[in-house]
Amino acid sequence: MRSRVAPVTIHIILEYRDSMFTLRNFAPNDLPRIMYIVAESFNQDYDPGFYLSLHSYWPDAFIVAKKGDELIGFLLGSVTDEEEARILIMAVDNRHRVKGIGTALVREFMSRCGLRGLRRIVLEVRISNVLAQKFYIRFGFEITNKLPRYHLDGEDAYKMVKWL
Ligand SMILES: CC(C)(COP(=O)(O)OP(=O)(O)OC[C@H]1O[C@@H](n2cnc3c(N)ncnc32)[C@H](O)[C@@H]1OP(=O)(O)O)[C@@H](O)C(=O)NCCC(=O)NCCS
């Protein structure tokens, strides 16, 4: 008879200035809060299946930040080929921004990409989202090109790349 081993959830506890929060992998019951934060941050809705299928593809690329019981931010990434990862969406609840949560999520994702042997991380960001561009530049991301009408509403995007 095969023994059954319960899945282990790894929590990373971080303290930044006066704020204490934890990082762990996404679990399906996180979806309502994630969908709320996405709607609030981007005024956009994605089907739950979008999140769940990406999660099943590479679970380590879907990281959530929690303060106590409350989910306060997340990063959803993916792997596009044997060398490249992509940050698809990341957002922090606007009541919890500028407290180091976004930095912790990006650092953790970069570290996981390094452990997987990936060479670069790419992302697309709206040209109007100057704050996010500056945020990513702090980690060594560079703007490589402009993607005309990349977004559904017709706005251009910048492609940004970070070499690991
Ligand atoms: C971009 C985003 C994820 C950053 O998350 P965050 O938790 O606020 O980021 P951090 O607290 O780690 O900030 C990192 C640095 O950026 C700076 N910064 C972040 N937001 C800032 C703001 N609104 N004004 C000024 N500086 C800001 C911080 O000062 C910090 O620098 P410091 O450590 O030298 O003080 C968050 O602003 C967000 O969710 N934005 C809406 C969604 C979005 O645009 N996502 C990215 C596009 S895909």
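Bear in mind that the values in this text are calculations on the coordinates, not laboratory data. Note that the structure is a prediction, hence the values are computed from the model and not measured. Note: ideal-geometry Cβ built from the backbone for every residue, glycine included; neighbour counts use all protein chains shown.
Observations, loosely collected:
- Theoretical FRET efficiency, 1/(1+(r/R0)^6), r = Cβ-Cβ of HIS151 and ASN29, R0 30 Å, to 0.05: 0.50
- Label point distance in nm, LEU115-GLU15, each placed 7 Å from Cα along Cα→Cβ: 2.3
- Where Rh is the Kirkwood radius over Cα pairs, Rg/Rh for segment 85-164: 0.97
- Computed lengthening from TRP163 to GLN44, 0.36 nm per intervening residue step minus Cα-Cα distance: 39.9 nm
- Cα-derived Rg over Rh, computed across segment 80-126 with Rh taken as Kirkwood radius: 1.03
- Order of ILE72, ILE13, ILE127 - criterion: other Cβ atoms within 10 Å of each residue's Cβ, fewest first: ILE13, ILE127, ILE72
- Converting phi to 3J(HN,Hα) with the Karplus coefficients 6.51, -1.76 and 1.60 and the offset θ = phi - 60°, segment 98-113 yields 6, 10, x, 5, x, 4, 4, 5, 5, 4, 5, 5, 4, 5, 5, 5 Hz in sequence order, with x at every glycine or proline.
- Taking amide H as placed 1.01 Å from N in the peptide plane, LEU118 has no amide H partner under 5 Å among residues 5 or more places away or on another chain.
- Under the Debye formula (equal points on every Cα, no solvent term), log10 I(q)/I(0) of segment 120-164 at q = 0.13 Å⁻¹: -0.25
- Radius, Kirkwood style, for the chain when every pair of distinct Cα atoms is counted (Å): 16.6
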